[in-house]
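Read the structure below first, then the notes.
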Amino acid sequence: MSAPVAVSACPISTDERTMPLPSPGTLAYSFTLPAGPAGPRVARAAVRVALRAHGLADVTDAVVQVVGELAACACRFTSGSEMYLSLRYRDGELRVVVHEGHARHSHPRLAGACDARRRAALRVLGCVVRACEGDWGFGEAREPGGGTRMWAVVPWRGARGYAGSGRV
């Protein structure tokens, strides 16, 4: 006599054998974090853990620096109490996006001055991303509620070579 088989009408799988193991290709996280002093620290710690779990510990130095710079800038500029961080690995690149609540100014001179302040606040980010041969930027968020979207694309090869390179 065979053992009874559990039958469920629920389509959610609880079979761990069908769940993909963490790998670079499965790195896809999103966090809502406080836009206060603890936010960048929590963001850096969470990203360290996620990179290690997905076999990307060799890019930790560069990516954690990028996350810390974006999160600190978001905390400095946002008018809200939260920021949103997204971390993804696709096509050999780590993509970091941070959304915060500082809306684009409608007056061109104010918008230009604000952009210059943000660019200055992200100077270290620019150096890190350039050292990794990546790209970065910021602009108006397309999401409902507006705000600002800041992003960085860090190639795996460049981030891997960043540790101990003395570049910044």
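Observations on the model:
- The residue of the range 39-68 that is nearest to the chain's Cα centre (by Cα), among those that are open to solvent by 50 Å² or more (accessible area, probe 1.4 Å) and either of a type in the set (S, T, N, Q) or more than 17 Å from V98 (Cβ to Cβ) (or both), is Q65.
- Residues of the range 128-142 that turn out to be part of a helix (DSSP H, G or I) and open to solvent by 90 Å² or more (accessible area, probe 1.4 Å), as a count: 1
- Screening the range 29-38 for residues that are open to solvent by 30 Å² or more (accessible area, probe 1.4 Å) and of a type outside the set (S, T, N, Q) and picking the one that is farthest from R117 (Cα to Cα) gives Y29.
The values are calculated or read from the model by the stated rules, or taken from the named source; none is laboratory data. Owing to the predicted nature of the structure, the values given are computational and were not obtained by experimental measurement. We place every Cβ from the backbone using ideal geometry, glycine too, and count neighbours over all the protein chains shown. In case anyone asks, the SASA skips ligands and DNA or RNA and just uses the protein heavy atoms, side chains included. Shrake-Rupley method; radii C 1.70, N 1.55, O 1.52, S 1.80 Å.
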